[in-house]
Amino acid sequence: MARETGKLPSAADFAHTPSKKITWERLMAFLNPSRLEHPQIAQRLALFAMYGPSDDEGFLRAGYLGRHKLADFEVDRMARECYEAELIKLLNRPKDILTVIVAELLPKALDFQYKEKDVEELFACITRDPEGFMHFSDLQRVITTDFHRRLTSVIDSSKSPAKPGNDGLPFQSAQASRLTAVCRKKKLLPNQEFEVLSSKLHRGATLIASLEEQNMSASLSANVQLIRRLGPTHDRWDRYCAVRQGAVLTTHNRRLAKLKAP
């Protein structure tokens, strides 16, 4: 054929370029492939917008002329890197503490799950052409907006303090009293010193320092020694209201408050 026309085929003629017109079946072939039992649809959705569209077989293309089909383990690795990069862009923090914050937020962001019906609701606003196709640019805009919304919600939830429930007060229990008995000893063996310090750091480091300051091991190790221990098992006084910046009045607290009232 090349000799008859007098024109040699170019490299672009052999390129694997997926069409920008997307069908629902083609989209689901990538988001929810039959070869995977529990695909990460939310993660694959973000990759579809960033590196898509996928081909008719449900694979993202990469490499020279798009001849390489990305394997499932490559897709998982790319999703983790993309989530990490987007979190860094959205977080307005100094570079020296970004690593600590992203390491804590990344598992929460990756844990977000979508089902096929959730994707249908997400694309309910997409207008199809007369042939029933969805255009990739429309899908890309909706996916990107939803992706940033999910990451922003993860960041915002990390800033707000946890709301304690009815049993949110850190009262002493008989089990905790037995497990922390070594922490109340006046004289410790060398191996017990490390155990006691580790226990105090686990229980009190986040109460006295923010997430950005958790890498200051020397200061934390010194200051956790000053934290007041939990009371006896019969004590029900909320001694951590100042740390949590809010008091929760129990029946015992209300009775004491009435006695101390003028």
Within the set of pairs 6+ apart or on separate chains, which have a first residue in segment 62-82 that is under 14 Å from residue 52 (Cα atoms) and of a type in the set (D, E, K, R), a second that is modelled with pLDDT of 85 or more and outside any strand (DSSP E or B), and C-beta atoms under 6 Å apart?
-> 69/59
Assigned to a loop (DSSP other than H, G, I, E, B), modelled with pLDDT of 60 or more and within 32 Å of the chain's Cα centre (by Cα) - does that describe any residue in segment 188-210?
-> yes
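Would you mention how many residues in segment 132-145 are of a type outside the set (Gly, Ala, Ser) and touching a residue at least 40 places away in the same chain (Cβ under 8 Å)?
We begin by selecting, within segment 132-145, every residue of a type outside the set (Gly, Ala, Ser); these are 133-136, 138-145.
Those still in the list that are touching a residue at least 40 places away in the same chain (Cβ under 8 Å) too: 133-136, 139-140, 143-144.
Number of matching residues: 8.
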Whichever residue in segment 115-129 is outside any helix (DSSP H, G or I) and of a type in the set (D, E, K, R) and, among such residues, is farthest from residue 36 (Cα to Cα) | 129
Would you mind stating whether residue 83 is in contact with a strand residue (DSSP E or B) (Cβ under 8 Å, 6 or more places away or on another chain) and either closer than 30 Å to residue 212 by Cβ or surrounded by fewer than 16 Cβ atoms within 10 Å (Cβ to Cβ) (or both)?
-> no
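Have a look at 4, 74, 37, 86 and point out the one that is farther than 23 Å from residue 155 by Cβ and modelled with pLDDT of 90 or more.
Numbers: 4 fails: modelled with pLDDT of 90 or more; 37 fails: modelled with pLDDT of 90 or more; 86 fails: farther than 23 Å from residue 155 by Cβ.
74 is the lone residue from the list that is farther than 23 Å from residue 155 by Cβ and modelled with pLDDT of 90 or more.
For segment 7-34, which residues satisfy the criterion of being modelled with pLDDT of 80 or more and of a type in the set (Phe, Trp, Tyr)? Outline the logic, then answer.
Of segment 7-34, the ones modelled with pLDDT of 80 or more are 19-34.
Residues satisfying the conditions are 24, 30.
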Mind checking which residues of segment 20-57 are without any contact (Cβ under 8 Å) to a residue 40 or more places away in the chain, over 26 Å from the mean Cα position of the chain (by Cα) and surrounded by 19 or more Cβ atoms within 10 Å (Cβ to Cβ)?
-> 26
Do you know which residues across segment 61-89 are within 11 Å of residue 47 (Cβ to Cβ) and in a loop (DSSP other than H, G, I, E, B)?
-> 70
In segment 93-115, is there at least one residue being assigned by TED's automatic domain parsing to the domain that holds residue 44 and within 18 Å of residue 54 (Cβ to Cβ)?
-> yes
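Criterion first (touching a Lys or Arg at 6+ places or on another chain (Cβ under 7 Å) and of a type in the set (A, V, I, L, M, F, W, C)) does residue 123 satisfy it?
Numbers: touching a Lys or Arg at 6+ places or on another chain (Cβ under 7 Å): no; of a type in the set (A, V, I, L, M, F, W, C): yes.
Judged against the criteria, residue 123 is not a match.
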Filter result (surrounded by 15 or more Cβ atoms within 10 Å (Cβ to Cβ) and over 30 Å from residue 155 (Cβ atoms)) within segment 184-213 | 196, 197, 199
Quick one: count up the residues across segment 177-203 that are touching a helix residue (DSSP H, G or I) at 6+ places or on another chain (Cβ under 6 Å) and charged (D, E, K, R).
-> 1
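Considering only residues that are among the small types (Gly, Ala, Ser), over 15 Å from residue 112 (Cα atoms) and either assigned to a helix (DSSP H, G or I) or at pLDDT 90 or above (or both), which ones fall in segment 130-156? It would help to see each step written out before you state the result.
Here is the first cut: in segment 130-156, the ones among the small types (Gly, Ala, Ser) are 132, 137, 153.
Restricting the remaining residues to those that are over 15 Å from residue 112 (Cα atoms) gives 132, 137.
Selection gives 137 alone.
The values are calculated or read from the model by the stated rules, or taken from the named source; none is laboratory data. Note that the structure is a prediction, hence the values are computed from the model and not measured. Every residue, glycine among them, receives a Cβ derived from its backbone with ideal geometry; neighbour counts consider all protein chains shown.
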